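S.K.: One structure is given below, represented as structure tokens, and several questions about it will come after.
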Amino acid sequence: MRDHEKKIRYVDIAEASGISLATISRVLNKSPNVKDETRRQVLDAMQALGHDTTGLDAPALAAGNLIIFNIPSLDNPFYSLIVQGARAAALRNRYNLLLNEDPINEKTVDDFIELLRQTKAVGLILTNCISKSLLKRLGDLLPVVQCCECVPELPYPFVTINDVTAARNAVEYIVSLGKKRIAFINGPLKYKYAQGRLQGYQEALQAAGLVQDPDLVIQMPEINYEMALSSAFQLLNSPKRPDAFFASSDVYAAAAIKAVSRIGLRVPEDVAVVGFDNIEISYMCTPSITTVNQPRYQLGLLSCDLLSKLINKETIPIQHMYLETELIVRESTNSALMRRS
């Protein structure tokens, strides 16, 4: 290192430019994650202080600008807006985003780590469920942010929603309609969302003084319309026919509506239906589905923004982010809306 380079003091540059020390560090290290205008302010301040800025005008976009975005399934429409949000943040922060749908478990983790090495990934966004030990193993290798699914006990940032509260509010709304036999179609219990929504469902029933009948709870092994349709149809034809369905996915809710129609009943007059996620099928379905809206685009956007800060060793003021949800009332619980349409 040349003598004049050793004399560069970040504090002096910060005072002259009004730019933070962290950003100045990124400029001097040729990071691509600095706006051109900001880079020029830093370089102008350095030149005014008598420092040589040769070679600092253009950042080196070399290997090391790839983020891996791991999701459970490319077939699940829930992830589409999350991916869009993450891509927008990646583009803004000058990263490339690579989608990956590999499961991460004891059998696959070595291959996944090899993928990280071969692609020279600089960060990882996880929407998959993963064990604590494997999450820690990955977190020791590179910056990791959890999105939707998370392990709160470990010191890795995440962006998610409060599934318990969201589900409880949805079921309380169903109870307010006078429904007493509320079935629940849920996803695999290995997922945090399925555990939380089951808890919220149970809490709402308990608060309303309604019997918690395990026969009204359907645990699905995956997000699958045909399987949910068959299960809902069987339940509707049983002696314990429900007068409402709460579903942890809009795909399940659409299947419940189809099953109700098949046995000659009406939604919402005979059976009310509430879904979760507010994906496209919720407003394309007939009747349209009352559902819990997740801010999916923001989930992806904020997750990638957090990861960018981790990669650049910036301070993250909020490690755990819970975004707000909203119950959107549509035709599957409100016949008045159907009459107006």
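S.K.: Out of residues 5 or more away from I279 or on other chains, whose amide H comes under 5 Å of its own, with H placed 1.01 Å from N in the peptide plane?
M.R.: Under 5 Å from the amide H of I279 lie the amide H atoms of D250, each far enough along the sequence or on another chain.
S.K.: How much length is gained if the chain between R241 and D215 is pulled fully straight, taking 0.36 nm per residue apart and subtracting their Cα-Cα distance, in nm to one decimal?
M.R.: 8.4 nm
S.K.: Order 104-116, 299-311, 255-267 from most to least packed using the mean count of other Cβ atoms within 10 Å.
M.R.: Top to bottom by mean Cβ count within 10 Å: 299-311, 255-267, 104-116.
S.K.: A further question follows. Taking amide H positions as placed 1.01 Å from N in the peptide plane, with prolines and chain starts having none, which residues 5 or more places from V217, or on another chain, fall under 5 Å of its amide H?
M.R.: Counting only residues 5 or more places away or on other chains, the set is F184.
S.K.: Next question, about the same structure. Near the amide H of C150, under 5 Å away, which other amide H atoms are found, from residues 5 or more places off or on another chain, if H is placed in the peptide plane?
M.R.: Residues meeting the amide H criterion: K192.
S.K.: For the residues H320, H51, what sequence is obtained by ranking on other C-beta atoms within 10 Å, fewest first?
M.R.: Ordered from fewest to most neighbouring Cβ atoms within 10 Å, H320, H51 come out as H320, H51.
S.K.: Past the 31 Å Cα-Cα mark, which pairs from K35/K136; K192/K258; K132/K258; K192/K313?
M.R.: From the list (K35/K136; K192/K258; K132/K258; K192/K313), the Cα-Cα distance tops 31 Å for K35/K136; K132/K258.
S.K.: Tell me which label goes with the value of percent of Cα pairs over 39 Å apart computed from the coordinates here: (1) 38; (2) 13; (3) 30.
M.R.: (3)
S.K.: A further question follows. Extending each Cα 7 Å along its Cβ direction at L99 and S131, get the distance between those two points in nm, one decimal.
M.R.: 2.9 nm
S.K.: Using a/c under 1.5 as the rounded threshold, could you call the range 87-159 rounded, prolate or oblate? The axes a ≥ b ≥ c are square roots of the C-alpha gyration tensor eigenvalues, and prolate needs a/b larger than b/c, oblate otherwise.
M.R.: It is oblate, given that a/c is not under 1.5 and a/b is not larger than b/c.
S.K.: Considering only C-alpha atoms, what is the centroid distance from the range 65-134 to the range 289-308, in Å?
M.R.: 15 Å
S.K.: Restricting attention to the alpha-carbon atoms of the range 261-341, what are Rg (one decimal) and Dmax (integer), both in Å?
M.R.: Rg then Dmax for the range 261-341, in Å: 18.7, 60.
S.K.: Of all DSSP beta bridges located in the chain, what percent are antiparallel, nearest 5?
M.R.: 10 percent
S.K.: Right, something else. Using the Karplus curve 6.51 cos²θ - 1.76 cosθ + 1.60 with θ = phi - 60°, work out ³J(HN,Hα) for each residue of the range 267-279 in order, rounded to whole Hz, and write x for Gly and Pro.
M.R.: 10, x, 4, 9, 9, 8, 9, 10, x, 8, 3, 6, 7
S.K.: List residues of the range 62-83, by number, whose backbone nitrogen lies under 19 Å from a label position 7 Å along Cα→C-beta of R92.
M.R.: The answer is 66-69, 80-83, whose backbone nitrogens lie closer than 19 Å to the label point.
S.K.: Select from the range 265-341 those GluC sites (Glu not before Pro) which occupy a DSSP coil region and have at most 12 other Cβ atoms within 10 Å, ordered by residue number.
M.R.: Of the GluC sites (Glu not before Pro), the ones in loops of the range 265-341 whose Cβ has at most 12 other Cβ atoms within 10 Å are E269, E280, E324.
Read-outs throughout are calculated quantities, based only on the coordinates presented, and are distinct from any laboratory measurement. Every value quoted in this text rests on a predicted model; they were computed, and no experiment measured them. Positions of Cβ are backbone-derived with ideal geometry, glycine not excepted, and every protein chain shown enters the neighbour counts.
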